[in-house]
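Note sheet for the following structure.
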């Protein structure tokens with residue numbers, strides 16, 4: 001088993017709000033992969049005294065712990081319990097009902113000798129590569145399916161669509177949101193490798209169209225996660241007329257993980 005991970009902030013002066021970790025038992029017969037993309041709040045009050053990196057570290061740590069130690073829990077139950085545990089850590093000091101309370105997208109995978117389980121919430125990406133090289137993307141595309149008018153601004157997106165029926169969902173303070181995640185499992189023999197990307201790294205495919213998901217996994221294997229991020233940064237710098245980025249950030253936090261099972 002080989003696991004590679006790279007992460008890079010969108011701006012050097014701004015904390016990286018992505019979070020990723022893996023856990024593998026000494027036996028090498030199983031493992032856990034967690035990747036989070038913290039949601040950057042607009043300037044102003046978000047009802048919380050804690051930073052987004054504080055939130056993603058708390059949530060991510062709980063996800064790793066419970067996924068590895070509580071095999072009796074489904075990944076949906078792991079996410080719900082981790083959201084509840086993280087909310088309890090700052091419920092007394094913060095307004096967790098605020099629409100901008102710290103939150104994150106989630107990719108969670110767990111494998112053993114028999115199966116690979118997966119969970120995806122919001123717009124980070126999980127890629128499953130089969131023994132023949134076929135790559136199956138696991139996507140929660142609800143954000144992409146919103147009417148164009150609802151994305152006119154971040155404020156409008158939050159007010160009308162974030163964590164609401166008919167909109168899209170992120171892990172914030174409500175454990176019930178775990179039931180909205182895209183979940184499933186695959187026989188272990190059917191998965192050669194896993195890759196997880198925050199949307200800052202998946203831009204290579206989703207924004208710039210440099211290659212499909214199969215090519216993205218190939219690039220991760222050949223050049224490593226940092227190589228993929230470096231290519232994204234080069235494309236971002238070259239997009240001076242914003243033909244691809246349009247309203248998007250010039251540079252976003254980018255994280256990529258490749259686990260070859």
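Within the stretch 58-114, the residues that satisfy the criterion of being in a loop (DSSP other than H, G, I, E, B), closer than 17 Å to residue 162 by Cβ and out of contact with any strand residue (DSSP E or B) (no Cβ under 9 Å at 6 or more places or on another chain) are 95, 96, 97, 98, 101. Once the stretch 27-57 is narrowed to residues that are touching a strand residue (DSSP E or B) at 6+ places or on another chain (Cβ under 7 Å) and free of Cβ contacts under 8 Å to residues at least 40 places away in the same chain, the residue that is nearest to residue 186 (Cα to Cα) is 57. I need a count of the residues in the stretch 104-139 that are modelled with pLDDT under 95 and buried (at least 24 other Cβ atoms within 10 Å of the Cβ). So the answer is 1. Those helices (runs of 4 or more DSSP H) of the stretch 152-261 in which at least 3 residues are in contact (Cβ under 8 Å) with a residue 40 or more places away in the chain and either farther than 25 Å from residue 100 by Cβ or out of contact with any helix residue (DSSP H, G or I) (no Cβ under 6 Å at 6 or more places or on another chain) (or both), considering only elements entirely within it, cover 154-161, 213-238. Per this entry, residue 15 is counted among residues that are in contact (Cβ under 8 Å) with a residue 24 or more places away in the chain, assigned to a loop (DSSP other than H, G, I, E, B) and within 19 Å of the chain's Cα centre (by Cα).
Just one of the numbered conditions (1) over 26 Å from residue 233 (Cα atoms); (2) modelled with pLDDT of 95 or more; (3) more than 16 Å from the chain's Cα centre (by Cα) is not true of residue 165: (2). Selection over the stretch 101-138 of residues that are without any contact (Cβ under 8 Å) to a residue 60 or more places away in the chain and closer than 20 Å to residue 19 by Cβ gives a count of 1.
The values are calculated or read from the model by the stated rules, or taken from the named source; none is laboratory data. Every value quoted in this text rests on a predicted model; they were computed, and no experiment measured them. Because the Cβ atoms are built from the backbone with ideal geometry, glycine has one as well, and the counts that use them run over all protein chains shown.
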